[in-house]
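Values quoted throughout were computed directly from the atomic coordinates according to the rules given, and no laboratory measurement underlies them. What you are looking at is a predicted structure, and each value in this text was computed from that prediction instead of being measured. Glycine gets a Cβ as well: all are built from the backbone with ideal geometry, and neighbour counts include every protein chain shown.
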Amino acid sequence: MKQQENPQSAIRNPQFSAATPLKIVFVGHVDHGKSTLIGRILHDTDSLPDGKIDMIKKACAAEGMEFEFAFLLDALLEEQKQNVTIDTTEIAFRTSRRNYIIIDAPGHKEFLKNMITGASRADAAVLVIAADEGVREQSRRHAYLLRLLGIKQLIVVVNKMDLAEFSEKRFAEVESEYRKFLIDLSLEVRAFIPTSAKTGENVARASEKIKWYRGPTVLEALDLFEPRKADVDLPLRFCVQDVYRFDQRRIVAGRIETGTLRVGDELVFSPANKSSVVATIERWNAPADGAAMSGDSIGITLSEQIFVERGYVASHQSDTPIETNRFHADLFWIVREPLRVGRLYNLRLATQEVKCQVVSIEQVMDSSTLEAKIDKCEQLERNEVGRLTIQTRGPLVIDNHERIPNLGRFVIVEEGGIRGGGTIFGGVYTDRRVAKSQNIFWSEGKITARERAVRSGHRGAVVWFTGLSGAGKSTIAQALERELFNRAMHTCVLDGDNVRHGLNSNLGFSPEDRVENIRRVSEVAKLMADAGAVVITAFISPYRMERRRAREIALEGNAEFIEVFIDAPLEVCETRDPKNLYKKARAGEIRDFTGIDAPYEAPEDAEIVVRTDRQSVDESVATILEQLLPRLKADEPND
């Protein structure tokens, strides 16, 4: 059979309206009739160019083959030879209600990465299961991927009912088995529809052969789907691709992933947390003062020239993303070589690319059975989904996938190829709005973080000790400082009591003053880390939110941030009580004392934990050094 023209261009109908089409991904196990169903939909909605069917019928006759609607989609000769769909294809069609884009995603497990790519752009999904073969491993895996990618609207088409003699009993068996699986996934299916795409039963018209079914046809069910919230209605995320000098102007070029941007908007650029106002919007054949919105690739000029580079993300001050070097994700692994804890990989998210490593795998799940296999394991095998914690070798700008999918999904890359894809969850947003004079400008230094690291032999970092009074923070901090100093590192300790003698002498111990205490210390630590020092802070810092903000502040300077939990039970700390503070707190002489009448929120996911009720000072320092020194290596710059 002759290779046909690309249906993506051949099937496009110039009469389609300009309204935003609903994007629907079609998935299904190989040979379950997905391509036939799509071909039938195109035929029954008159979405094919004149003569297309006749052309394919003639080609089939010339090859001695029976005509199939699936041939409409076989745009590549290689696909016809292998009889599998290799790549994702986008195809337009319309009903009387609206326009659609079909995203045809591969069903064969060899091409799961293309399926992930296709599904990530969809508003809804159609999952095809053959009545004769029933629910297969790929049927379950595809549903898991749809849930992982946040697709909430789904219909299930039980196809090839002609091969099951249009049996209501067989349809009920397939529906019962698969519906239970979807419930376990927390996926809500809008309809189960029995069809025969080959003969058109229940696709565009109700079937006379399946009179026992009273639900909608496929096209009727599609028209019940709701458009998802438009990207333009989400908070602004402008991802910087490059910076150019043109006609004496400095133009920041990039793509607006979500939201709307206008001249005069004040933007904050993450991870630098530096702000400026949009002076002009630059694009071809468009006014410089017109608004730009999601999907637009544009350039902007700024009223104040601040340092911006590829990978930065601009947002409005009122709704900023998360800056972190540590986050939680669900990751789907798709290659034979397993993902291993501790190994360095490249992570890509929008225009950002950083080195990363998995620091822990909390759970592994088989995507076809939903069976949780092993807790706290060391690697992730092909086609497994892991719930894990990732640490990056530099700041990363992210959103939770459920809030802004565009910055909530990422891929792991090695040797130029995609190895896995994931979605981010559990990140905590903080308010980074700070009232400041419009006459204060950040002074950019001429020495880069990389140059400092090469000169000193290590990177700048903030090592943040947290724990109850009496846990051993100051003692271990001083011992760690000595070990780093002996290794010729530039280091110092910021101790809670010492800082309150000077910088923070005007602060008390109310919740508000504690927050301000940590903010000031965070800013000082960032400046010192910017200068290339390894800054060890020893503060109770009882609130998680303020420790997260301390992390963000440190990452603004492209320094490592490592949270160290100096863990000791309250009763042990109270027994030690080197300054008699617990005794005074119990007697009511000290109020708002952490652990007694003020809360301490222990870290949920500290990079390093030492148990000083079980470990000596030397053992605690050894534990910290083992995990800290690799992160300080100058040969792992965070650019």
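Quick notes on this structure:
- Potential lengthening of the chain between E523 and C492 amounts to 9.7 nm, from the contour at 0.36 nm per residue minus the alpha-carbon distance.
- Within the shell of other residues whose beta carbon sits under 10 angstrom from the beta carbon of F465, the net charge comes to -1, with Lys and Arg scored +1 and Asp and Glu -1.
- The alpha-carbon atoms of segment 449-632, seen along their principal axes, cover 53, 35, 28 angstrom, with the largest extent given first.
- Averaging 1/r across all pairs of distinct Cα atoms in segment 536-582 and inverting the result yields a Kirkwood radius of 12.7 Å.
- Taking Lys and Arg as +1 and Asp and Glu as -1, the other residues whose beta-carbon sits under 15 Å from that of T612 total -3.
- Residues with amide H under 5 Å from that of T280, placed H, sequence gap 5 or more: T301
- Using the Karplus relation 6.51 cos²θ - 1.76 cosθ + 1.60 with θ = phi - 60°, the per-residue 3J(HN,Hα) values for segment 425-431 come to 9, x, x, 10, 7, 10, 7 Hz, with x marking Gly and Pro.
- FRET efficiency, 1/(1 + (r/R0)^6) with R0 22 Å, evaluated for N346 and E626 via beta carbons: 0.35
- For segment 177-259, the fraction of alpha-carbon pairs in successive 10 Å shells from zero, as %: 14, 22, 21, 15, 14, 10, 4, 0
- Between A291 and D223, the modelled labels are 3.2 nm apart [label points 7 Å from Cα along Cα→Cβ].
- Karplus 3J(HN,Hα) series, Hz, for segment 502-516 with 6.51 cos²θ - 1.76 cosθ + 1.60 (x for Gly, Pro): x, 3, 10, 5, 8, 9, x, 10, 5, x, 5, 5, 4, 4, 5
- Proxy reagent accessibility, fewest Cβ within 10 Å first, across T199, T389, T423, T320: T199, T389, T423, T320
- Distant-in-sequence amide contacts of D296, defined by a placed amide H-H separation under 5 Å and a gap of 5 or more residues or a different chain, comprise I256.
- Computed from phi, the 3J(HN,Hα) profile of segment 302-313 under the Karplus parametrisation 6.51, -1.76, 1.60 (θ = phi - 60°) reads 10, 5, 10, 7, 10, 6, 9, 9, 3, x, 5, 10 Hz, with x in place of Gly and Pro.
- Theoretical FRET efficiency, 1/(1+(r/R0)^6), r = Cβ-Cβ of Q478 and V243, R0 45 Å, to 0.05: 0.55
- Under the simplified labelling scheme, the E415-A62 pair shows an inter-label distance of 4.1 nm, with each label point 7 Å from Cα along Cα→Cβ.
- Taking a Cβ cut-off of under 10 Å around E133, the surrounding Lys, Arg, Asp and Glu residues balance to a net charge of 0, with basic ones at +1 and acidic ones at -1.
- Model label points for R310 and T20, set 7 angstrom from Cα along the Cα-to-Cβ axis, are 2.9 nm apart.
- Scanning residues 5 or more positions from N99 or on other chains, those with amide H under 5 Å from its amide H are L22, with H placed 1.01 Å from N in the peptide plane.
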